[in-house]
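Each remark here refers to the structure printed beneath this line.
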Number of protein chains: 2
Amino acid sequence: MKLSEAKQQFIASWGAFGTHWGINRTMAQVHALLLVSPDPLTQDDVMEQLSVSRGNANMNIRELIDWGLVDRVIVPGERKEYFSAEKDIWKVATQIIKERKKRELDPMLKLINQLSTIEGDKKDKETKAFIDTINGIKKFGEQADRTLDTMIKSEESWFLSTMLKLFK
Amino acid sequence: MKLSEAKQQFIASWGAFGTHWGINRTMAQVHALLLVSPDPLTQDDVMEQLSVSRGNANMNIRELIDWGLVDRVIVPGERKEYFSAEKDIWKVATQIIKERKKRELDPMLKLINQLSTIEGDKKDKETKAFIDTINGIKKFGEQADRTLDTMIKSEESWFLSTMLKLFK
DNA sequence: ACAAACTTTCATTTATTTTTGAAAATTCAG
DNA sequence: CTGAATTTTCAAAAATAAATGAAAGTTTGT
């Protein structure tokens, strides 16, 4: 298999994979493209290599920056902006966990906490089932929250220790 | 907050939550409804409570059964089928992890393994970047695979030990 | 075997999400 | 300040995903 072919397949599959996880196909493809590009790319490079419009490329690149997965890179003497993706997959995973936790788990727990304050007779079967389910989710969510924080933290300290080694 | 109101909000939010994770809104809502229902429901109950069509209800209930999150329940003397959701959130989580792993992580790793066999000069910057990214994903995926298997297994043994206690 | 009760399918419709591309806004060198 | 280069916005169009409901299929009691 040739590089260009493998690259195409990787980008296409990463895009399809993303859609199964609620991620816009183009965003996942831009991410894939930047992951396998040794040097930073411009918006026009992305447009050309993925055959997408200017607006689409722009929107998804910015979304990736919001997610902390892509950085703007300044190339001296160039007017255009360049973009480059974090290449360390462990850092990528940590960042995604961090963002999803913030965007989804935390608001969900907030809601669950509100719902756990319903008034009602615990003798009632319907009420009891509701409270039990909500409490189950609450406990699970709180545990997940703690576990994910630990993962994020341990990754950061791993990162820190790696950095320290570099400067020792 | 009253039960009916809380229930409505839970179902709506669970549905919205699902869409962020690539899960069809109705499927997530049916799941939520069954999670807070003390007794099994029929397809008509689901249709009525969620205001969805027969086809939609049927399709999503079956999908939930495929995912191993909902069971058909036979009520003696009744012609209709009844459906009930697994209520233990830890088991629900385990089951979702199991299914997503099978449906998505495993095929992705298969692809990555194929892509890691590209021919090419490692001196070439493009080729090197591609190989490095693929290998990074490969290592990460293999670790995730092992970790998730451990989680699934530990849940099963926790389940087993709970069961054993019941019969001791 | 029949028919009522119930379940499943799937072509069509509807809703939602994504993409486009031209216009507006911004940036920056001279 | 000017204007060309570049980036961003957003209304409209296109693509995709989901829902509908009637018809076909299946099951079960008599």
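In table form, for the structure just shown:
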item	result
Sequence-separation-based contact order of chain B, relative, with Cα cut under 8 Å and 6+ spacing, percent	15
Alpha-carbon centroids, the range A:1-28 and the range B:7-62: separation in whole Å	31
Chain A: Cα Rg divided by the 2.2 N^0.38 Å rule of thumb	1.39
Pair B:LYS125, A:ASP71: separation of 7 Å Cα→Cβ label points (nm)	1.7
Chain B, rotation onto A, residue closest to that axis via Cβ, with its distance in Å	B:GLY22, 2
Note, ³J(HN,Hα) from phi for the range A:56-67, Karplus 6.51, -1.76, 1.60, rounded to Hz, x at Gly and Pro	5, 4, 4, 4, 6, 5, 5, 4, 5, 5, 4, 6
Heavy-atom accessible area ranking, 1.4 Å probe, most first, across A:TRP90, B:TRP14	A:TRP90, B:TRP14
Accessible heavy-atom area order of A:ASP39, A:ASP88, highest first, probe of 1.4 Å	A:ASP39, A:ASP88
For the range B:93-112 versus the range B:66-92, the gap between their alpha-carbon centres in whole angstrom	24
Partner lysines for B:LYS153 [C-alpha distance under 24 Å; skip if fewer than 8 residues away on the same chain]	A:LYS138, A:LYS139, B:LYS87, B:LYS91, B:LYS98, B:LYS101, B:LYS102, B:LYS110, B:LYS138, B:LYS139, B:LYS165, B:LYS168
222 nm mean residue ellipticity, helices alone, for chain A (DSSP H n ≥ 4; -39,500 (n - 2.57); rounded to 500)	-22500 deg cm²/dmol
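The values are calculated or read from the model by the stated rules, or taken from the named source; none is laboratory data. Just so it is clear, the model here is predicted, and its values are computed rather than measured. Because the Cβ atoms are built from the backbone with ideal geometry, glycine has one as well, and the counts that use them run over all protein chains shown. Side chains are part of the model used for accessible areas, which takes the heavy atoms of the whole protein and leaves out ligands, DNA and RNA. Shrake-Rupley method; radii C 1.70, N 1.55, O 1.52, S 1.80 Å.
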